[in-house]
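Just so it is clear, none of the values below were taken in a lab; they were calculated from the coordinates. Predicted, not measured: the structure shown is a model, and the values here were computed from it. Positions of Cβ are backbone-derived with ideal geometry, glycine not excepted, and every protein chain shown enters the neighbour counts.
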Amino acid sequence: MSAETQTLFVQHFWNDSNRTLDYYVKRMNGYESAKKVIATMTPDQVIEEVKKANIRGRGGAGFPMGMKWGFIPKNSEKPKYLVCNADESEPGTCKDRQIIRYTPHLLIEGLIIGSYAIGCHHSYVYIRGEYVREAELLNAAIEEAYKNGYLGKNVFGSGFDLDITVHRGAGAYICGEETGLLNSLEGKRGEPRVKPPFPAVSGAFSCPTAVNNVESIANVPHIIRLGGEEFAKLGKIDKSGGTRLISLSGHVNKPGVYEALAGSMTVRQIIEDFGGGVWKGKRLKAVIPGGSSSPVLTADEIDVVYDVEPLMKIGTMMGSAAVMVIDEDTDMVKLLLRITKFYAHESCGQCTPCREGCHWMESILHKILHGEAKPSDIDLLVDVAGNIGGKTLCALGDAAAMPVQSFVKKFRSEFEAYVKGQKSHA
Amino acid sequence: MEKHLSDRFYGAMSKLEPRYPNKKALILPALHQAQKEYGWLPKEVLAEVAEYIGVHEAQIREVASFYTMYNLKPVGKTHLKLCTNVACCLRGADDLMEYAEKKLGVKCGETTPDGLFTLSEEECLGACTTAPVMMANDEYVENLDIRALNELIEKVKHER
Ligand SMILES: Cc1cc2nc3c(=O)[nH]c(=O)nc-3n(C[C@H](O)[C@H](O)[C@H](O)COP(=O)(O)O)c2cc1C
Ligand code: SF4
Ligand code: FES
């Protein structure tokens, strides 16, 4: 494989002048994939190519992208929507931000190809409200695309029409969940919907809708350029094509957004080769491998290949590929309280187990940390977590339960030290 | 009804209207635009947004109160929003919060008596690889340390 195909994104990051249409056209074969698709391929052929690419959604759930597009009904009278999830709110994750900042045209071209494939004529990018400057940059790139006839009526003179609108969120983690996002897009509270109906049948404005993450969509021009099969081959592991953008944060020497061929590295290699090892010469205690909701790994578990299935096999998940590294001096009880407080704060409150359970877990953890808990409270905590998972409308409930269960299971002695009065909160 | 929102607000909205299949979808953009003009969303502004969208004021309030970025109370001239979520926590966010509280003489969630600063705690701002992170109004401040925080606060004080 040539060096050029080792990474698809990061070589274009970190340089402000790379976000222009000029750079994109000259240096990244800009808009050639979209032109080719619209001129020479049928929508079905595009979806077939994306299926061949074995690309899993990059937003967290890892659902195969081609299959999702295939669910959009072909002969529906209603408008269809491709909605891009740029909410980027799973703690630890900040890769979509770099795509928007440095390669916005890649996202726009992906939206053109995806819209063509599912028959969408108005695509929305739902971007988290805090990304004010990123929304401006994206709008500027969209403006450039309109001016050049790549968007609007008659894209590339082909007769295909497409508008793109950037819709800003306003600070609510739950709007990253796709049906919460759709409600928010419609001007409502961002509360997740009861499923079914799934968005493919009734999504934005009650019309068939595909919701895809920024990184997922930005990969589509690469898929067309390389061909589905070649893209799939980039992945070093079954069922995972392409590369993965990894947000590496916490106690490493070189935090950053990195890119690896899917399944080509272990968690240890990510920490050592990308992150330059644990900071300050300290020892590793734990790793949160896929955003704050993913079950924690101990230092002994990091020789696992970093991809969906290997991580699932050892009881955790890849999520949004946000790796958070935790050194030996970290108080796991305090850290878990912080994580749990987040989910309690962000629970939309529709389901009783999630609303009550998150607050209950937070208050038990608070008691443990402040030396006010009984030994049995540790089991109570795990019980409460067990009663949330799987009993809620959306996955936030599970997201809140998984860290609690895994922290207590793997670092129980730290919790016991507090309840036995052997340790007290500084 | 007396108008509080400017022609700029109505101009921006009429440009957006054709981009959505119904007017209700304009609620979030309208609240953003209104807050841009006003700094926060007082009752009369919410009422005017409601009238523009064509729904009851209570409905606008119900939506607005769901989202943390809409200020239903006035905020200071510079709103410091410190992320204290995991990645920032691991790299010293708690110390920064403690320092900011001391320096400004307010607790997290409060506004200084001179109206210059509001200090808030934020959930993950999506910039974890450059933690700790803060927003000062709309701007991200990344790789934040006590010295940079101090400088920023002093700068705002001198600009008043
Ligand atoms: C609580 C919660 C938060 C989520 N946050 C995000 C997010 O910030 N960004 C994202 O792309 N997906 C997020 N997701 C996943 C979306 O629901 C959805 O699966 C995803 O956008 C689909 O895109 P993909 O198939 O391209 O990954 C979240 C899910 C849940 C349950
Ligand atoms: S699980 Fe929690 S966040 Fe999700 S819908 Fe239910 S209450 Fe809301
Ligand atoms: S945890 Fe602070 S920006 Fe993500």
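A few points about this structure:
The rows are residues; the columns are (1) in contact with a His (Cβ under 6 Å, 6 or more places away or on another chain); (2) over 26 Å from B:Val141 (Cα atoms); (3) more than 12 Å from ligand 1 (Cβ to nearest atom).
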| position | (1), (2), (3) |
| --- | --- |
| A:Met65 | no, yes, no |
| A:Lys95 | no, no, no |
| A:His105 | no, no, yes |
| A:Ile113 | no, yes, yes |
| A:His121 | no, yes, yes |
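- The range B:34-61, subset away from chain A (no Cβ under 13 Å) and among the charged types (D, E, K, R), residue farthest from A:Glu328 (Cα to Cα): B:Glu51
- Of all residues in the range B:62-79, those being more than 16 Å from ligand 1 (Cβ to nearest atom) and either within 11 Å of another protein chain (Cβ to nearest Cβ) or buried (at least 23 other Cβ atoms within 10 Å of the Cβ) (or both) number 6.
- Scanning the range A:123-139 for residues that are crowded, with 24+ Cβ neighbours inside 10 Å, more than 14 Å from every other protein chain (Cβ to nearest Cβ) and under 20 Å from A:Val37 (Cβ atoms) turns up nothing.
- Considering each residue of the range A:360-375 in turn, at least one proves to be more than 19 Å from B:Cys83 (Cβ to Cβ) and within 16 Å of ligand 2 (Cβ to nearest atom).
Each row is one residue, and each column tells you yes or no for (1) over 20 Å from A:Lys68 (Cβ atoms); (2) without any contact (Cβ under 8 Å) to a residue 60 or more places away in the chain; (3) within 17 Å of the chain's Cα centre (by Cα).
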| residue | (1), (2), (3) |
| --- | --- |
| A:Val155 | yes, no, no |
| A:Ile164 | no, yes, no |
| A:Leu182 | no, no, yes |
| A:Leu185 | no, no, no |
| A:Ala204 | no, no, no |
| A:Val220 | no, no, yes |
| A:Ser240 | no, no, yes |
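- Of the residues making up the range B:27-74, those that are part of a helix (DSSP H, G or I), over 18 Å from the mean Cα position of the chain (by Cα) and of a type in the set (Gly, Ala, Ser) are B:Ala47, B:Ala50, B:Ala58.
- From the list A:Asn154, A:Asn183, the lone residue that is out of contact with any helix residue (DSSP H, G or I) (no Cβ under 7 Å at 6 or more places or on another chain) and under 25 Å from B:Lys24 (Cβ atoms) is A:Asn183.
- Scan of the range A:278-303 for residues that are more than 22 Å from A:Arg412 (Cα to Cα) and buried (at least 18 other Cβ atoms within 10 Å of the Cβ), ordered by number: A:Val278
- Enumerated strands (runs of 3 or more DSSP E) restricted to the range B:96-142, each holding at least 1 residues that are crowded, with 23+ Cβ neighbours inside 10 Å and within 15 Å of the chain's Cα centre (by Cα): B:117-122, B:134-136
- Filter result (within 14 Å of chain B (Cβ to nearest Cβ) and either within 16 Å of ligand 2 (Cβ to nearest atom) or surrounded by 15 or more Cβ atoms within 10 Å (Cβ to Cβ) (or both)) within the range A:407-426: A:Phe407
- Residue count for the range A:140-156 under the criterion of being outside any helix (DSSP H, G or I), at positive phi and more than 13 Å from chain B (Cβ to nearest Cβ): the result is 2.
- Residue match in the range A:380-391 (condition: under 23 Å from the mean Cα position of the chain (by Cα), closer than 27 Å to A:Pro192 by Cβ and crowded, with 24+ Cβ neighbours inside 10 Å): yes
- The single condition from (1) more than 30 Å from B:Thr130 (Cβ to Cβ); (2) loosely packed, with under 14 Cβ neighbours inside 10 Å that B:Lys36 fails is (1).
- Inclusion of A:Arg101 among residues that are surrounded by 24 or more Cβ atoms within 10 Å (Cβ to Cβ) and of a type in the set (Lys, Arg) is not warranted.
Residues checked against (1) farther than 28 Å from A:Arg189 by Cβ; (2) within 16 Å of ligand 3 (Cβ to nearest atom); (3) more than 14 Å from every other protein chain (Cβ to nearest Cβ):
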residue: A:Ser347; (1), (2), (3): no, no, no
residue: A:Gly371; (1), (2), (3): yes, no, yes
residue: A:Lys374; (1), (2), (3): yes, no, yes
residue: A:Ala385; (1), (2), (3): no, no, yes
residue: A:Gln405; (1), (2), (3): yes, no, yes
